[in-house]
Amino acid sequence: MKITVEFDSFEEFMAFKNGKDKHPVSNSDLTIRTKNCLIGAGIATIEDAKAITDHDLLMIPNFGRKSINEIREYCRMHGL
């Protein structure tokens, strides 16, 4: 089966491509606590969470070292 998708511009293609490469927090296999904390803080993707410093992540209510380690492990397992 082959699927063809057409784009009006290169920018539109890149936006589509970059969006497909993201790992949504809601679809991840992180624990419910970690997911809820990230989503509640407005962090939608694992890549966004990875870009935030540990210090800033620890400022999120109910988010601790265990959650940070969980994100690191998720990134390691998924090659991020």
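Nothing in this text is a laboratory measurement; each read-out follows from the coordinates by a stated rule. Quick caveat, the model's predicted, so the values are computed rather than measured. Neighbour counts run over all protein chains shown; Cβ positions are idealised from the backbone, glycine included.
Brief remarks follow.
- Environment charge of C75, counting only residues whose C-beta is closer than 11 Å and scoring Lys/Arg +1, Asp/Glu -1: 0
- Interchain or long-range residues, amide H under 5 Å from T45's placed H: V25
- Between L58 and S26, the distance separating the two model label sites (each 7 Å from Cα on the Cα→Cβ line) works out to 3.1 nm.
- In this structure the amide hydrogen of L58, modeled in the peptide plane, comes within under 5 Å of no amide hydrogen from residues 5 or more places off or on another chain.
- K66 paired with E47, simple spin-label distance in nm, labels 7 Å along Cα-to-beta-carbon: 3.0 nm
- Distance between the pseudo-spin-label points of D8 and E73 (7 Å out from Cα toward the beta carbon): 4.6 nm.
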